1. Six or more apart or on different chains, Cβ atoms under 9 Å: show the pairs whose first residue is in segment B:160-189 and farther than 27 Å from B:Y249 by Cα and whose second is of a type in the set (D, E) and not in a helix (DSSP H, G or I).
2. Please tell me if A:L60 is more than 15 Å from the chain's Cα centre (by Cα), under 19 Å from A:H154 (Cα atoms) and in contact (Cβ under 8 Å) with a residue 60 or more places away in the chain.
3. Do we have A:F119 as crowded, with 18+ Cβ neighbours inside 10 Å and in a loop (DSSP other than H, G, I, E, B) here?
4. Among the candidates B:G363, B:G373, B:G302, single out the residue that is surrounded by fewer than 19 Cβ atoms within 10 Å (Cβ to Cβ) and either closer than 25 Å to B:L132 by Cβ or touching a Cys at 6+ places or on another chain (Cβ under 7 Å) (or both).
5. Check B:G161, B:G150, B:G139 and return the single one that is modelled with pLDDT under 85, part of a helix (DSSP H, G or I) and crowded, with 23+ Cβ neighbours inside 10 Å.
6. Of the residues that make up segment B:358-365, is at least one within 14 Å of another protein chain (Cβ to nearest Cβ) and modelled with pLDDT of 80 or more?
7. Please go through (1) in contact with a Gly (Cβ under 8 Å, 6 or more places away or on another chain); (2) within 17 Å of B:G150 (Cα to Cα) for B:V182 and return the number of the only condition it doesn't satisfy.
8. What single numbered condition from (1) touching an Asp or Glu at 6+ places or on another chain (Cβ under 7 Å); (2) within 27 Å of B:P65 (Cβ to Cβ) fails to hold for A:Y32?
Amino acid sequence: MLGEGILKGLAETARNFAGSFVSKERMTTVEYPEVRLPLPEAARNFPFLVYDGNDWEKGLRCVACQICEKECPPKCIYIEKSKDKKPDYVGKPQIYPAKFDIDISVCMSCQICVEVCPFEAIKMNTEFELSTDDRFGGLLLDRKELAKSNEYYHTIHPTEAREVDARLAQEKAKVEAKAKTAAEAAAAKAAAVATGASAAAATANPAAAPVASPSTTKAAEIAVAPAAATAPAAPKPVAGTGTDGPAPMTESEKKAASEPAKPGEGEPKA
Amino acid sequence: MIDRLDQIFVLLKHWILGYLPASLQTPAGVILSVVCIIGLYPALFALTTVLERKGVGRIQNRLGPNRVGPFGILQPMADGIKSLTKEDIVPTSADAVVHFLAPVILVVTVFMGFAVLPMGRNMVLVDMDAGLLFYFAMGASSELSVFMAGWGSRNKYSLLGAMRAVAQMISYEVALLLSSVVIVMMTGSLSLVKIVEAQNHYSYGFPHWFIFTPWGLAGFLMYAIAGTAETNRSPFDLPEGESELVAGYHTEYSGFKFALFFLGEYVAMFSISGLGSTLFLGGWTAPLAALQWVPSWIWFFGKLFVSMCVFIWLRGTLPRLRQDQLMNFAWKFVLPMCLLNLFVAALWRFLGEGLLRWVICSGILILAYAVMGSAEMRRKHFGPRTYRYAE
């Protein structure tokens, strides 16, 4: 019968209309500024810089290697290297960004900076309420505005942050283990070469031992499986050049390293 | 007291006019009524926009606007301020005069229709003998403004929208007129006041509204369809189909001129609803004899409110028609039904009192509806799509 469908449709919308007054579950929207839906874990908007510890300036992971600046497709990152150096998370002196600006009016949220960063220093933020009345300055974020603590990173991307932490701890353990073996070898050599000159070895040993001892246990915990995968990865850190990381990882190695942590939970990174 | 309340606006007008010299009373009275109409309907329009947004929201299981004022009822104020403060842009290649005149003509012609609508007992601006004719003349000139807007903008979207609008409005204008003609046949008058009077008597407590007759019901349904199309409302909102034509004929309008088009559309809805309730739903008469003590204007505006709710309900329910469906429906279904309805009305008139005319008239209409409806439905079988390429 002609018009039957119209009546059916009218009945359906009338049911919706009346139902929306009685049942809260029907409602498809929430009243946004007051009520917020949790963002999915894979949500991303603009990048931010991760720092460890409490002081954002000291703890910044970024070593101003400028890879992200070069890789950024819309060229929204601007970095100026520092003249001096500060210790990074493994305690090696590194230069740091004296200036790190991201123009979020240009950024296209592609996440390439995150993917190329060998230091896990830049990550994607989920903050989206960035409107400002200053069209140019307000959308140009400097390093202070970009710096967010590692705890914050854990709150927005827990799975990913856990993987990153595990990876960093592993790197650190490896570097320290290497330093320890090097120190031991040096000590042994020194001991073997000149037993009489034990004073020199004694001064060399204490320098390496306190650094190495807490991390070796940690390394044993974390580096169960990936140790084999990452073993050939780490090139020897060249002390003194500064721009080189402790262990810059290539994309495939990174993947290999992150794989063992994955099957348990969460979506794959990127 | 009840009578006083019923006539409160009439008495108020006379009281105000009493302070004026006799020579000024007539023009002042007219101006007063016009000002009331021009003030009242935009206010109703403002309320309707928020009602519509909230109603459609509820239909879609949303809350609708609830930020400005309590429950969002001040939303139209915010909208109004926004449209007033917006830049008024006239495209360089547009015909400035035509571009400017189009919204003005639309609003003027739409408001002219209210001149002959009785909004309560003794509440009509001009009791014209040819009131219905005047109304349709004014309604038809709003098509002119639509075409002026589309043509004067010099924009293909506007022009396409205007073309669609004019095609649609002319097609449905025919149906609108023919569905109203049955009323004129039965009452023998074009005066809307007389048409209401003809429905203002009761038997067994029920009114003699024309909708309670077979031809009246059929006429009302045709009128409602044609009226919806005439005011470019969903599901007949092709002229401004925002998903395909940006905004149709008012694409190139911004700021207050756009607001005028919006106002014109809604006031036209009020006007069509008012005419529909006058013709078929007894205008300002009460739906039950026992309720006759309620002031007449409450009934008129109550019916207006109900029709607006139905408009909103339809908008929240139905998807937009395609242009060919729209035209087919107008010329192959609505128009033949209207013509048949004329015949049925004549039959009703000459069959005399009794049950027989009810049976015959309803039978003819239901049969025609079933036959034409099934014919309409049958054409909906589509085969697999085939493509023919140029060789």
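1. B:S189/B:D129
2. On the way: more than 15 Å from the chain's Cα centre (by Cα): no; under 19 Å from A:H154 (Cα atoms): yes; in contact (Cβ under 8 Å) with a residue 60 or more places away in the chain: yes.
Judged against the criteria, A:L60 is not a match.
3. On the way: crowded, with 18+ Cβ neighbours inside 10 Å: yes; in a loop (DSSP other than H, G, I, E, B): yes.
Yes: the conditions hold for A:F119.
4. Working: B:G363 fails: either closer than 25 Å to B:L132 by Cβ or touching a Cys at 6+ places or on another chain (Cβ under 7 Å) (or both); B:G373 fails: either closer than 25 Å to B:L132 by Cβ or touching a Cys at 6+ places or on another chain (Cβ under 7 Å) (or both).
That would be B:G302, the only listed residue that is surrounded by fewer than 19 Cβ atoms within 10 Å (Cβ to Cβ) and either closer than 25 Å to B:L132 by Cβ or touching a Cys at 6+ places or on another chain (Cβ under 7 Å) (or both).
5. On the way: B:G150 fails: modelled with pLDDT under 85; B:G139 fails: modelled with pLDDT under 85.
Criteria check complete, one pass: B:G161.
6. If we filter segment B:358-365 for residues that are within 14 Å of another protein chain (Cβ to nearest Cβ), which is where we start, we get B:365.
Right, trim to modelled with pLDDT of 80 or more and you get B:365.
Yes: segment B:358-365 contains one or more residues that are within 14 Å of another protein chain (Cβ to nearest Cβ) and modelled with pLDDT of 80 or more.
7. Among (1) in contact with a Gly (Cβ under 8 Å, 6 or more places away or on another chain); (2) within 17 Å of B:G150 (Cα to Cα), B:V182 violates only (2).
8. The failed condition is (1).
The values are calculated or read from the model by the stated rules, or taken from the named source; none is laboratory data. These figures come from a predicted structure and were not determined experimentally. Because the Cβ atoms are built from the backbone with ideal geometry, glycine has one as well, and the counts that use them run over all protein chains shown.
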